[in-house]
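The values are calculated or read from the model by the stated rules, or taken from the named source; none is laboratory data. Keep in mind it's a predicted model, so treat the numbers as computed, not measured. Every residue, glycine among them, receives a Cβ derived from its backbone with ideal geometry; neighbour counts consider all protein chains shown. Ligands, DNA and RNA are excluded from the accessible area calculation, which covers all protein heavy atoms including side chains. Shrake-Rupley method; radii C 1.70, N 1.55, O 1.52, S 1.80 Å.
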Amino acid sequence: MEAWIMVNTKAGRQRARENGERIRRVFALGGAVTRIAYTDTVQQAQAFLEKAALEKPDLMVCCGGDGTLSRTVETLEKLGARLPMGFIPMGTTNDFANSLGIAKDPARAAEQILHGSSHFLDLGKFEERTFLYVASFGVFTQASYNTDQAAKNNLGHLAYVLEGIKELSGVKSSHAAVETDQQVLEGDYLFGAISNSTSLGGVVRLDGQKVDFCDGKIELLLIKMPKNLLEMNRIAFSLMSGKYDPELITFLSVERARFSFQEPVAWSLDGEFVQGDKQVSVTAMPQAMELVY
């Protein structure tokens, strides 16, 4: 087996090069022929992925945060290369890896890949852009892309929570009409997300029994703007318990959703800022990624 390994040296607070060598050693001892690249810039990552798209190794191993894997998947799709992927989480919150039960220790995650099996997972399409596990708007959304990298490195998950608290101080709703393949919804929403994960932005948790990563659908979560503190408490309890209050929270598994807003709304795609329009379409991409773990 030929395994190409790409390590994002800027992701998270881990020792990228030291862990990269540990990862390479695991694959080499397992009989794989390896090629490893330590990427400091987007341009370096792009060049390595272009080579991979041409030479088509048996396995492309991505080491970094959720954003690193997201950009890798999107880049390979644009290059027309669908390669079996391995993911070794080295970011701050690692929502996607945590959802799938991928080990936090890099060497152990490499072992999982080496001895694992292929899983064909759904992706999402936000207009023309592919995303890995979540597109969201509203409160907590900015926490995923506004949090300073130094704070992420030093404080980890707490940094996202602190940034989210800042958002709550000036919270406002977004009025949206949402048309899905199941029903049409409309309301003033505190938060909205369409995802394929059990953890969103390191802040919102979803019930793992209600999320299927390969059913050809993505999960729509809409949280209404609370009218008072009692409703806010009901929302908090719903999210912690996984028992969604139907008066305040909509949770559906859908194939597509079209959002219509009164004014353009900012979104986060896998933790990165995207300026949405007044109308945005999101669709599921069934079993669009082969991930080995």
* **Those trypsin sites (Lys or Arg not before Pro) in the range 219-293 that DSSP places in a loop and that have at most 16 other beta carbons within 10 Å** => Lys227, Lys243, Lys278
* Structure fact -> Of all DSSP beta bridges with both partners in the range 49-143, the antiparallel percent, nearest 5, is 40
* In the chain, what % of DSSP beta bridges are antiparallel (nearest 5)? -> 75
* Which of Glu2, Glu186 is most accessible, then next, and so on - probe 1.4 Å -> Glu186, Glu2
* To do: Provide the FRET efficiency to the nearest 0.05 for the Tyr38-Ala177 pair, computing r from the beta carbons and using R0 = 30 Å.
  => 0.05
* Cross-link partners among aspartates and glutamates for Lys104, C-alpha distance below 17 Å, same-chain residues fewer than 8 apart left out? -> Glu18, Glu21, Asp66, Asp95
* Structure fact -> Per the helix-only model, the chain has a calculated mean residue ellipticity at 222 nm (DSSP H runs of ≥4, -39500 (n - 2.57) each, divided over all residues, rounded to the nearest 500) of -9500 deg cm²/dmol
* Specify the angular offset, from 0 to 90 degrees and rounded to the nearest 10, of the alpha carbon long axis of helix 42-55 from the longest principal axis of the alpha carbons in the chain. => 60
* Asked: Of Ser118, Ser195, which has the most accessible area with a 1.4 Å probe, and how do the rest follow in descending order?
  -> Ser118, Ser195
* Compactness index (Cα Rg / 2.2 N^0.38 Å), the range 23-85 -> 1.09
* How much net charge surrounds Arg234 when only other residues with a Cβ under 14 Å from its Cβ are counted (Lys, Arg +1; Asp, Glu -1)? -> 0
* the chain - Debye-derived log10 I(q)/I(0), Cα point model, q = 0.11, 0.15 Å⁻¹ -> -0.64, -1.14
* Asked: Residue by residue, what Karplus-based ³J(HN,Hα) values in Hz, rounded to whole numbers, does the range 98-104 have, using 6.51, -1.76 and 1.60 with θ = phi - 60° and x for Gly and Pro?
  -> 4, 4, 8, x, 6, 4, 7
* What part of the accessible area of the range 212-285, given as a whole %, is carbon or sulfur when the probe is 1.4 angstrom? -> 54
* Asked: For the range 1-143, what size does the Cα cloud have along each of its three principal axes, sorted from largest down, in whole Å?
  -> 47, 30, 30
* Grab every C-alpha pair in the range 208-293, bin the distances at 10 angstrom width from 0 up to the longest one, and report whole percents. => 14, 34, 40, 11, 1
* Asked: Under a Cβ-Cβ cut-off of 10 Å, what is the net charge of the residues other than Glu179 that fall near it, where Lys and Arg count +1 and Asp and Glu count -1?
  -> 0
* With the other protein chains left in place, how much accessible area per residue, in square angstrom, belongs to the chain at a 1.4 angstrom probe? -> 45
* **Fluctuation leader among Gln279, Gln183, Gln44 - the chain, Gaussian network, Cα springs under 10 angstrom** => Gln183
* Could you please report the charge total around Asp188, scoring K, R as +1 and D, E as -1 over all other residues with beta-carbon less than 15 angstrom from its beta-carbon? => -1
